[in-house]
Amino acid sequence: MEWSTELVKSYFEPHRNEENALLMAKYMKNHFPFLGIRTPERRAIFRELVKKNELPSYDDLHEKVWGLFQLEEREYHYVAIELLGKYKKQLAVKDLNFCLKLIETKSWWDSVDSIAPTIVGNIVMLDREAGENFMTDWATSSNMWTNRASILHQLKYKENMNEALLFATIERHLASKEFFIQKAIGWVLREYAKTRPEAVWQFAEKTKLAPLSRREALKHFK
């Protein structure tokens, strides 16, 4: 069948679980209603959906993803992000503005953290100069979630880390009182410490990190 929002709903609606939905909404501070489909089951349903139906064309991708983002239940937003991720080999710098639109829509850590380190990170990796120009702009945004995405886009880069960009982006947000910014700084430093522990240690020693960021960054140092 042709991909549509109604097609996706036809796969997921029968699996509603009101008891789970209440617990899942509570866990997310009641920012969003849920169908009550937990992650393993949701991914299994999505695999079945993809197996039995043709994916939308790349030209229609933004429209189909955005349509799912308009639905209320949070699982549909996850499905939208998974659908976008199916096109990782085709996504390019020109798609970053659409990624930004998703990041700044119905924002919370779960969606932002699904988009930034994988989808955005992959796009930037494929075109470092142009992609990093976008990330520098995102780091100056007035939107806290966009700032978090700029910090986390290199989370999985390991030896491909642009260390200068990482440290400059962190330094830009050192004064932030936002929990999700402080946590993101600590998280990305902790991950990078697995590749370059001495660089992270030296940066942490000379930089006035927030206590939360510092604890997270140095969690695995003895």
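Of all residues assigned to region 108-123, none qualifies as being over 24 Å from Tyr192 (Cβ atoms), surrounded by fewer than 16 Cβ atoms within 10 Å (Cβ to Cβ) and free of Cβ contacts under 8 Å to residues at least 60 places away in the same chain. Taking region 91-109 as the range and being more than 16 Å from Thr5 (Cβ to Cβ) and assigned to a helix (DSSP H, G or I) as the test, the residues that pass are Val93, Lys94, Asp95, Leu96, Asn97, Phe98, Cys99, Leu100, Lys101, Ile103, Trp109. Within the option set Asn147, Asn97, being polar (S, T, N, Q) and surrounded by fewer than 18 Cβ atoms within 10 Å (Cβ to Cβ) holds for one residue only, Asn97. Hey, can you tell me all the residues within region 47-86 that are under 22 Å from Met28 (Cα atoms) and acidic (Asp, Glu)? Scanning region 47-86 gives Glu72, Glu73, Glu75, Glu82. The single condition among (1) hydrophobic (A, V, I, L, M, F, W, C); (2) closer than 30 Å to Thr136 by Cα; (3) touching a residue at least 40 places away in the same chain (Cβ under 8 Å); (4) crowded, with 18+ Cβ neighbours inside 10 Å that Leu35 does not satisfy is (2). Of the residues in region 64-77, none is free of Cβ contacts under 8 Å to residues at least 40 places away in the same chain and of a type in the set (Ser, Thr, Tyr).
A short reminder: the numbers here are calculations on the coordinates, not readings from a lab. None of these values were measured; they are calculated from a predicted model. Reconstructed Cβ throughout: ideal geometry from the backbone, glycine too, with neighbour counts over all protein chains shown.
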